[in-house]
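One structure below.
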Amino acid sequence: MSTDKSATLIQPSDQQVPTSTLVNRLWSYCELLRHSGVSTLDYVEQLTYLLFLKMADERAKRPAMFRRNAPEAPLVPEGRDWTSLTTRSAEALLDHYEFILKDLGQRGGTMLGEVFTKASNKIHEPAVLERLIKDLIDPYTWTTENQDLKGDAYEGLLQRGAEDRKTGAGQYFTPRPLIDAMVDCVQPKIGETITDPACGTGGFLIAAHAHIATRYGDELYGDEGRKLQTGAITGYELVRETARLALMNMLLHGIGTSEAKPLITIQDSLAKPIHKHYDIVLANPPFGVGSVTGEAYTARTDFWAPTTNKQLNFVQHIYNLLKTNGRGALVLPDNVLFEGGAGTTIRRNLLDLCNVHTLLRLPTGIFYANGVKANVLFFDKTGQRSGGRPGTRQLWVYDFRTDQRFTLKQRQLSREHLNDFVAAYHSGGSDYSARKPSERFRAFDYDELIARDKVNLDLTVLQPASPSDTVLASPDVIAQGIVDELEAALAQFTAVARALKTGAQTADDSTTEGEEASER
């Protein structure tokens with residue numbers, strides 16, 4: 001997790017409290033709640049609601065210098081806000097909290113209503129709820145000018161919850177340094193439309209908005225600024241609970257308003273043909289196979305090739321989402337670069353109909369799912385050039401994987417680690433062919449790419465150091481890497497064991513039903 005100013009939690013006395021300290025404090029309380037029947041998931045869900053109410057209150061009270069359009073309407077109506085909770089105790093507090101969840105959830109068709117849709121209280125002991133509100137949340141300021149719900153403390157809680165369940169937290173996290181670097185490469189402009197078809201908690205959308213706000217400043221007071229609030233930046237998310245976090249995140253960053261139409265659509269992005277085109281698509285599609293039902297998206301007649309590979313489908317979907325000359329940047333696992341069959345067709349079409357200009361090879365150890373080998377693919381939707389020439393001339397590959405070691409604890413990825421890549425990306429200005437090669441950065445011509453077996457884009461730039469030249473990581477980093485791999489293996493074995501147990505139970509139930517039918 002980063003250590004910037006926005007991640008600092010400050011007491012009323014302005015004494016700085018380390019993020020890890022507050023995370024540990026809140027997590028310890030979760031341990032106590034388990035004894036009263038509150039699960040980890042339920043606890044984190046309640047924190048979602050309470051922290052949003054607290055941060056909305058802080059946003060309403062922030063100094064005018066941090067307000068882009070003062071005065072601003074409060075995100076939460078009076079009487080349903082954080083103050084109305086802190087002025088009550090015991091049963092009255094419990095009743096009022098449940099009233100807030102119900103009342104806000106009934107505001108259908110709005111950003112705020114979508115945030116609290118189907119929200120319900122899972123903490124039924126008044127004393128437990130009161131301590132959580134008044135002792136563990138209220139004494140601290142959770143935001144500075146960045147207003148980030150998915151800040152370090154909150155992100156730390158979700159990470160701890162994922163570790164506790166041994167399931168990883170892939171649906172929640174793309175490392176923020178990677179998000180920021182991708183946005184710095186694509187450079188969204190005011191007036192452009194931006195989407196993420198698998199937006200998670202909205203990290204790409206927030207970063208794109210921040211980039212525009214920083215770059216254009218006062219221009220956001222006019223019509224273009226209003227467009228940012230009403231649909232220039234939108235997303236799609238399959239899981240309602242995750243979409244809830246994205247909506248909260250956007251509201252707290254000043255994207256959209258409480259009473260406006262939700263800017264996140266809850267749906268399977270791949271299930272339906274597109275109805276709108278965008279200037280920019282930024283995404284880290286979920287890893288996996290098939291649709292919700294595990295089948296290929298055969299109904300998508302706009303796809304080049306039907307396949308159950310979800311990432312290959314997202315490549316096709318994102319191509320279709322883009323306007324002509326639109327820009328795409330998406331995180332993809334290695335298999336998308338070399339898988340045959342539909343993969344070959346998709347890569348060939350992408351090279352022909354787009355300028356596939358940059359591939360960033362990512363190191364392992366930066367995602368919460370252990371051992372993930374991923375890349376970032378950047379391309380512009382150009383169509384074929386005059387004379388039937390392919391859209392791609394050169395694919396520049398930056399090897400940030402070879403001889404790089406990162407872990408989620410001892411050596412985390414930071415934005416500074418990606419400075420050299422971003423500089424290399426922009427080294428030719430708007431002319432990709434004028435880029436400057438380096439030890440980790442080189443170009444592959446279209447003819448060379450299309451001639452490779454299966455149009456394989458699994459390209460190597462830098463050879464690993466020889467054993468005699470290798471400098472080993474420190475013992476604690478090596479040990480943590482071993483622990484991460486063992487935990488990943490244990491999670492996989494646990495999933496297999498559960499599946500076998502479920503199968504055996506189903507078989508037993510079927511046998512029992514058959515015996516009972518025979519007796520009847």
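So which residues in region 391-438 are hydroxyl-bearing (S, T, Y) and touching a helix residue (DSSP H, G or I) at 6+ places or on another chain (Cβ under 6 Å), if there are any at all? Answer for region 391-438, where residues must be hydroxyl-bearing (S, T, Y) and touching a helix residue (DSSP H, G or I) at 6+ places or on another chain (Cβ under 6 Å): T392, Y398, T407, S414, Y425.
Name every residue in region 74-126 that is small (G, A, S), farther than 19 Å from M55 by Cα and without any contact (Cβ under 8 Å) to a residue 12 or more places away in the chain, in order of residue number. Full working, then the answer.
Applying the first criterion (small (G, A, S)) to region 74-126 yields 79, 84, 89-90, 92, 105, 108-109, 113, 119-120.
Among the residues that remain, those that are also farther than 19 Å from M55 by Cα are: 89-90, 92, 108-109, 120.
Those that are small (G, A, S), farther than 19 Å from M55 by Cα and without any contact (Cβ under 8 Å) to a residue 12 or more places away in the chain: A92, G108.
Restricted to region 250-345, the set of strands (runs of 3 or more DSSP E) holding at least 2 residues that are modelled with pLDDT of 90 or more and either in contact with a Phe, Trp or Tyr (Cβ under 6 Å, 6 or more places away or on another chain) or more than 27 Å from A207 (Cα to Cα) (or both) comprises 322-333. Scan region 171-214 for residues that are under 22 Å from L362 (Cα atoms), in a helix (DSSP H, G or I) and among the hydroxyl-bearing types (S, T, Y) and the total you get is 0. Which condition breaks for H275 when tested against (1) under 20 Å from F314 (Cα atoms); (2) in contact with a helix residue (DSSP H, G or I) (Cβ under 8 Å, 6 or more places away or on another chain)? Among (1) under 20 Å from F314 (Cα atoms); (2) in contact with a helix residue (DSSP H, G or I) (Cβ under 8 Å, 6 or more places away or on another chain), H275 violates only (2). Considering region 81-116, the residues that are β-branched (V, I, T) and open to solvent by 30 Å² or more (accessible area, probe 1.4 Å) include one that is nearest to T257 (Cα to Cα), namely T83. Would you be able to say whether some residue in region 197-213 is open to solvent by 50 Å² or more (accessible area, probe 1.4 Å), over 30 Å from S39 (Cα atoms), modelled with pLDDT of 90 or more and not hydrophobic (A, V, I, L, M, F, W, C)? No, there is no match, as no residue in region 197-213 is open to solvent by 50 Å² or more (accessible area, probe 1.4 Å), over 30 Å from S39 (Cα atoms), modelled with pLDDT of 90 or more and not hydrophobic (A, V, I, L, M, F, W, C).
Return the residues of region 320-349 that are within 12 Å of F303 (Cβ to Cβ) and in contact with a helix residue (DSSP H, G or I) (Cβ under 7 Å, 6 or more places away or on another chain); say none if nothing qualifies. Walk me through how you get there before you give the answer.
Initial filter on region 320-349 (within 12 Å of F303 (Cβ to Cβ)): 320, 342, 345-346, 349.
Result: A342, I346.
If the condition is being part of a loop (DSSP other than H, G, I, E, B), out of contact with any strand residue (DSSP E or B) (no Cβ under 7 Å at 6 or more places or on another chain) and open to solvent by less than 80 Å² (accessible area, probe 1.4 Å), then region 428-451 contributes G428, G429, D431. Residue selection: I233 satisfies the criterion of being over 24 Å from V372 (Cα atoms) and modelled with pLDDT of 75 or more.
Of all residues in region 404-427, how many are among the hydrophobic types (A, V, I, L, M, F, W, C) and open to solvent by 50 Å² or more (accessible area, probe 1.4 Å)? Let's see the steps before the verdict.
Taking region 404-427 as the starting set, the residues that turn out to be among the hydrophobic types (A, V, I, L, M, F, W, C) are 406, 408, 413, 418, 421-424.
Subset that is open to solvent by 50 Å² or more (accessible area, probe 1.4 Å): 423.
Matching residues across region 404-427 total 1.
Criterion first (closer than 30 Å to A232 by Cα and either modelled with pLDDT under 90 or under 18 Å from the mean Cα position of the chain (by Cα) (or both)) does D164 satisfy it?
Details: closer than 30 Å to A232 by Cα: no; either modelled with pLDDT under 90 or under 18 Å from the mean Cα position of the chain (by Cα) (or both): yes.
In short, no.
Restricting region 215-249 to residues that are not hydrophobic (A, V, I, L, M, F, W, C) and not in a helix (DSSP H, G or I) leaves a set whose member that is surrounded by the fewest Cβ atoms within 10 Å (Cβ to Cβ) is G222.
The values are calculated or read from the model by the stated rules, or taken from the named source; none is laboratory data. No experiment lies behind these values; they were computed from the predicted model shown. Note: ideal-geometry Cβ built from the backbone for every residue, glycine included; neighbour counts use all protein chains shown. The protein model used for the area step is the full one, side chains on, heavy atoms only, and it has no ligands, DNA or RNA in it. Shrake-Rupley method; radii C 1.70, N 1.55, O 1.52, S 1.80 Å.
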